[in-house]
Amino acid sequence: MESVSHENRLFPPTSEFVENAHISGMDAYKAMYVKSLEDPEGFWAEAAQDLHWFKPWDSVLDASNAPFYKWYDGSRTNLSYNCLDRNIEAGLGNKVAIHWEGEPGDTRELTYKQLHLEVCRFANALKARGLQKGDRVAIYLPMIPELAIAVLACARIGAVHSVIFAGFSADSIRDRVLDSETCMVITGDGGYRRGKMLELKKIVDEGVASCACVKDVIVVKRGDEHPVDCPMQDGRDSWYHELVADVSDDCTAEEMEAEDLLFLLYTSGTTGKPKGIMHTTAGYQVFSYLTSKYVFDLKADDVYWCTADVGWITGHTYIVYGILQNGVTQVMYEGAPNHPDEGRFWEIIEKYKVSIFYTAPTAIRAFMKWGDKWVTGRDLSSLRLLGTVGEPINPEAWIWYHKMIGAERCPIVDTWWQTETGGHMLTPMPGATPTKPGCATTPFFGIEPAILTDDGKEVEAGILAIKKPWPGMLRGIYGDPQRFKDTYWCKWGGKYYFPGDGARRDEHDYIWILGRVDDVVNVSGHRIGTAELESVFVEHKDVAESAVVGVPHEIKGQGLIAFVTVIEGRDHDDHLRKELIAMIDKSIGKFARPERILFSSDLPKTRSGKIMRRILRDIAEGKELGNTTTLADPGVVEELQEQFLKS
Ligand code: WT7
């Protein structure tokens, strides 16, 4: 764990921002926070009042079967209803929900009414294909409106969506589809990325070729202008536009039970097998709604833009569910930040008069590298609030964001959370918290963090724990309740949630996130388990063993360095390196490629045969080695260091 320097400058919000904010000033935040901990059920009951319930709850929190907590038990509700119908009833039907812009520059605009119509039609099409409440549906689409429509259509009829980021490989699709026994895949013929068309349908075909559970593949046509070769399989595949052509506009939202499964989202852990994180209906609904409202200080005339992909949790919560429930207008963009040039994001902010901008530290570092010239000359005066998510932000990048993009006027919310938490956990309140560059600061309402040692003692720097349940929390790992308990609830005897991050508390009682304490690496804000890569490498016939570690990376935050030992007598050269990279592309996706692959005859191990990752990390960072006395064979380290310097 490495501390993000000792940055202590304080940046309070401007008085103008404070005056108009939902949570106005630190005293207001503190009072409300204290209340939320003293009476969590009262707090969360009140928060839920803004939303529509077909039937109210009997109890706010049921902790009788911890860690299988239940929220709003006894209630019935529907998230698609709360995102759409509720807002239309409130008179927002003609308000723009989504300004969409494709990478080539094509645009679409959907009002709440139009979005509602599209969702209802597609939901009816799904029902016509026989899809039922509880069925799992994989969604593998580019960032086009149909991605949000498909998600909301599933929620409307109670089907469980499992969105797979469109950068994942065919093998990853297969593993996810089989793990959740998905009966349907919704995909597209393609999507644009850096001027090229990604041929998504082909990847899906390969991925589901051996999946007997998949009966239906629905294909959205994206390649109108540049037709994509997209063979359709008789009896299995159908075109989206044909299915929605002759269905009704009316689709009553299914009355969902509070703990009915809403979605699965697969994420990496410390083993080779990704976990299907389960989020359920009522608690996630309230948490995504309330965190969006307060952390982004959402107001009726805001234009919000989150640059994440709906394929990650950020897009689920802060593009689709949380943002639409608040009835604001947002921008959705399909492509890369540097297409056709490095000024694209600032052009979009200027064009749509974006007022709230939420992006990742890795993107900010890339913008810094591309240079200020892409920003100067753009009118960014519409911006009033900035946010970051996904990894610790280094103070340099924070200051650049604050000055160049925020004109030293916009508060920055550095939001710490996870796929598992469903929404923001640690974050400044933009109209209250004086921020510090690189610091996620204070807990959201109802969240009680602690910093502990392995055996549960409170310390200043150690392991982050969450002491109380919260509505947006994950409810399980699909098909594996034991792994759910073992991974998140065993660390401190089942009492607290273990997120897997290290943290430090400073003199202002602010919390600094110090990075993961497990074998999960955060590459450009994407979580990758080192074990996932290792299990791919050892499938190669010439590979004996492998260990992958994360190292600091200038743009990506962290990069991966792979150490691979080759079976004696086999070649290890660039050819093998290329084969191994091709295997990563195929098994996980290009985004998981390691920066470097080092070959050696052995790995540094203890006398009991345990690989010493700490030493590998030191080698990979070119550092002086720490204590090596427990090594079984110190010679191995010298060989690796030599390799590292040569390659
Ligand atoms: C892990 C969760 C949260 C949605 C995107 C990533 C790291 C996330 C921050 C932040 C420092 C952060 C943590 C966390 N992380 N946000 N603001 N500061 N670290 O979701 O893929 O589930 O990854 O990302 O290590 O555990 P995810």
| request: Output the number of residues of the range 444-461 satisfying the condition of being surrounded by 21 or more Cβ atoms within 10 Å (Cβ to Cβ) and at negative phi. | output: 4
| task | Look at Val536 and say whether it is in a strand (DSSP E or B) and more than 16 Å from the ligand (Cβ to nearest atom). | result | no
| task | Within the range 509-533, track down each residue that is farther than 28 Å from Val543 by Cβ, touching a Leu at 6+ places or on another chain (Cβ under 8 Å) and either near the ligand (Cβ under 7 Å from one of its atoms) or in the same structural domain as Arg614 (by TED's automatic domain parsing) (or both). | result | Ile513
| note | Just one listed residue, out of Gly493, Gly525, is closer than 20 Å to Leu464 by Cα, touching a residue at least 40 places away in the same chain (Cβ under 8 Å) and either surrounded by fewer than 22 Cβ atoms within 10 Å (Cβ to Cβ) or not hydrophobic (A, V, I, L, M, F, W, C) (or both), and it is Gly525
| request: Please state which one of Val523, Val536 is of a type in the set (A, V, I, L, M), under 16 Å from Leu598 (Cα atoms) and out of contact with any His (no Cβ under 7 Å at 6 or more places or on another chain). | output: Val536
| query | What number of residues within the range 104-140 are of a type in the set (Asp, Glu) and either free of Cβ contacts under 8 Å to residues at least 24 places away in the same chain or over 23 Å from Val185 (Cβ atoms) (or both)? | reply | 2
| message | Whether any residue in the range 282-305 is on the phi > 0 side of the Ramachandran plot and not in a helix (DSSP H, G or I) is what I want to check. | response | yes
| field | Total residues in the range 610-633, condition farther than 18 Å from Arg596 by Cα and in contact (Cβ under 8 Å) with a residue 24 or more places away in the chain | value | 6
| request: Looking only at the range 211-268, count how many residues are under 30 Å from Phe54 (Cβ atoms), among the β-branched types (Val, Ile, Thr) and buried (at least 20 other Cβ atoms within 10 Å of the Cβ). | output: 2
| Answer residue from the range 380-408, given it is assigned to a loop (DSSP other than H, G, I, E, B), out of contact with any His (no Cβ under 9 Å at 6 or more places or on another chain) and among the small types (Gly, Ala, Ser) and is farthest from the ligand (Cβ to nearest atom) among those | Ser381
| remark: Sole miss for Pro411 among (1) surrounded by fewer than 24 Cβ atoms within 10 Å (Cβ to Cβ); (2) more than 13 Å from the ligand (Cβ to nearest atom) is condition (1)
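Rundown of residues vs (1) aliphatic (A, V, I, L, M); (2) at pLDDT 95 or above; (3) in a strand (DSSP E or B), yes/no style:
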position	(1), (2), (3)
Trp492	no, yes, no
Lys495	no, no, no
Pro499	no, yes, no
Asp509	no, yes, no
Ile513	yes, yes, yes
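The values are calculated or read from the model by the stated rules, or taken from the named source; none is laboratory data. Bear in mind the structure is a predicted one, so any value in this text is a computation, not a measurement. Quick reminder, even Gly has a Cβ in these numbers, built from the backbone with ideal geometry, and neighbours come from all protein chains shown.
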